């Protein structure tokens, strides 16, 4: 049997792209034929996938189509037509950000997100079974009319986070840390739903009340230029100077250096379907302070500090508690690592394969 995967964008250093590669590995190791077909294939992944419009129909070959769903794409309509032609279609839903978060900043992106939500509902009658990264995502599928669903987290190779960090970057950051205060870190696209502005506001209060030498690093490529500009203006208005560093996406080894010096991971995002950086923080022993929204509490599994509102002083006080050396911090680090182990590649691969085999034998 053949199980081929389809995704709109196939990019390096991307959680869904990495998940797709890991899924192909699981399928092939289980004896399935499996290829990846994509709409947009970014270097250096040209040898890992082919343009989906070149995918031929395969009369007489037993095949299942697996759609990695997260954004709007003509691929959705193309897959519906294949399903109507008799090819079994299953899915894995990675969440779609609600359009309301981008309407103010990037109306064209908001329109694309609204279209993606509509496509998700239109796919429901044609998708016979779908995975979801989290219970939060699964609930969205059920609301859209999906009948058969199963939670299976993203396949993430946690061992990749234990490779050596970039030595020059690590040495520079350690020297800076030695002459400054607590190091705040957030990793994720600069996007309105991720609410980096709230992190900056809480950080400003933290510096004034608890630790004037603290530093904040925000790592992640920008999704909204307008939001990024507003974020930079906020840093200036709060007179935070160079204590806040906003970086584009960095290389894996460089990012590991930032993780190595971080004292706390602060996530005030309002909409996450899973939040891989929370998993990274737990695996790397960085305590998490997070806003209790969307899938973040589910991913944390009770191992971080959740805040129910984003009042800057409330967040600052939570970070102050977490950054103090002692049993409380030690417990968070230990619990986080134990929670991360529940998402080991061995366990999630078995979950994925078990779900597929159950679907095939149903």
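Descriptive notes on the structure:
- Hey, residue 358 farther than 30 Å from residue 29 by Cα, assigned to a helix (DSSP H, G or I) and either over 18 Å from the mean Cα position of the chain (by Cα) or at pLDDT below 95 (or both) or not: no
- The listed residues are 289, 296, and the only one of them that is touching a residue at least 24 places away in the same chain (Cβ under 8 Å), within 30 Å of residue 178 (Cβ to Cβ) and touching a helix residue (DSSP H, G or I) at 6+ places or on another chain (Cβ under 7 Å) turns out to be 289.
- Filter result for residue 62 (more than 12 Å from residue 6 (Cβ to Cβ) and in contact (Cβ under 8 Å) with a residue 60 or more places away in the chain): yes
- Tally, over the range 170-185, of residues that are closer than 18 Å to residue 210 by Cβ and in contact with a helix residue (DSSP H, G or I) (Cβ under 9 Å, 6 or more places away or on another chain): 7
- Test: residue in the range 265-280 that is at pLDDT below 95 and either within 20 Å of residue 166 (Cα to Cα) or in contact with a strand residue (DSSP E or B) (Cβ under 8 Å, 6 or more places away or on another chain) (or both): no
- Test for residue 231: is it outside any strand (DSSP E or B), surrounded by 13 or more Cβ atoms within 10 Å (Cβ to Cβ), assigned by TED's automatic domain parsing to the domain that holds residue 110 and at negative phi: no
- Check on residue 56, under 21 Å from the mean Cα position of the chain (by Cα) and modelled with pLDDT under 95: no
- Residue tally, condition over 19 Å from residue 21 (Cα atoms) and surrounded by fewer than 18 Cβ atoms within 10 Å (Cβ to Cβ), over the range 152-166: 3
- Complete set of residues in the range 234-254 that are on the phi > 0 side of the Ramachandran plot and part of a loop (DSSP other than H, G, I, E, B): 239
- Here the helices (runs of 4 or more DSSP H) wholly within the range 97-216 that include at least 1 residues being within 26 Å of residue 257 (Cα to Cα) and free of Cβ contacts under 8 Å to residues at least 40 places away in the same chain are 167-178, 196-209.
The values are calculated or read from the model by the stated rules, or taken from the named source; none is laboratory data. All values derive from a computational prediction rather than experimental measurement. All Cβ positions, even for glycine, are placed from backbone atoms using ideal geometry, and neighbour counts span all protein chains on display.
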